[in-house]
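Everything below concerns the one structure shown next.
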Amino acid sequence: YVRFAPGNYRMLTVTLDVPVYFDVGAYLTVDAANTVTITNRITSPRQHIFRGSGSVALSSDSNSGEESRMVHVSWFGAFPAASSQGDQAPAIQKAIDAVGNTRESEILFDFGNYHIFTAMTTTRGCHIKGHGTRRTVFRLNADSFDVFTTTEVAAKFSDIQFEVESPLTA
């Protein structure tokens, strides 16, 4: 396995084909035009572990199983917030993009409000999973826009509530 102690680790293009552990305060910064590929399980507290403008690819191989496709949005910088502190869609999209379009995956959300101002695209077999109605809420800043579209067949949403951020005017 690879264990990252607290601190910032700058990564170029690399593949990690072993379990990866992040201690509290540990994170990777992936520079533009680089991709960090992790093909095995990730263990991390709910913290922002993938940063930078490069790409992260979380793709399982024949030996690693489905747990390598379970991603928490906090790893990409999306956290619940009581009030809007900006659009969380770009961080959520990075989490979705990281699992790719080759197999089923789960994108996990915590209790609380996630503020979404722009549309996102899900991958094939993506399961967007919250903690229940009124517990995980996607708060939108507008009415009548496609929050999610799919690139293939089937995306599943469970235990998520969608609400408009402010009251609509007549």
(message) Here are the criteria: (1) open to solvent by 30 Å² or more (accessible area, probe 1.4 Å); (2) more than 15 Å from SER74 (Cα to Cα). Tell me which single one HIS131 does not satisfy.
(response) (2)
(message) Being assigned to a loop (DSSP other than H, G, I, E, B) and open to solvent by 70 Å² or more (accessible area, probe 1.4 Å) narrows it down to one residue among ASP97, ASP143; which is it?
(response) ASP143
(request) With respect to SER68, determine if the residue is of a type in the set (Gly, Ala, Ser), within 27 Å of TYR114 (Cβ to Cβ) and at pLDDT below 95. (result) yes
(request) Just give me the residues in the stretch 98-147 being within 17 Å of PHE162 (Cβ to Cβ) and of a type in the set (D, E, K, R), in sequence order. (result) ASP110, LYS129, ARG134, ARG135, ARG139, ASP143, ASP146
(request) Read through the list (1) outside any strand (DSSP E or B); (2) closer than 23 Å to ILE128 by Cα; (3) modelled with pLDDT of 90 or more, then give the number of the only condition that ALA57 fails. (result) (1)
(request) Examine the stretch 139-158 for a residue that is in contact with a Ser or Thr (Cβ under 6 Å, 6 or more places away or on another chain), within 24 Å of TYR27 (Cβ to Cβ) and of a type outside the set (A, V, I, L, M), and state whether such a residue exists. (result) no
(message) Against the condition assigned to a loop (DSSP other than H, G, I, E, B), open to solvent by 30 Å² or more (accessible area, probe 1.4 Å), β-branched (Val, Ile, Thr) and over 30 Å from PHE4 (Cα atoms), how does THR118 come out, does it pass?
(response) yes
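The values are calculated or read from the model by the stated rules, or taken from the named source; none is laboratory data. Keep in mind the model is a prediction, meaning the values are calculated, not measured. Every residue, glycine among them, receives a Cβ derived from its backbone with ideal geometry; neighbour counts consider all protein chains shown. Keep in mind that these areas ignore ligands, DNA and RNA; they rest on the heavy atoms of the full protein, side chains included. Shrake-Rupley method; radii C 1.70, N 1.55, O 1.52, S 1.80 Å.
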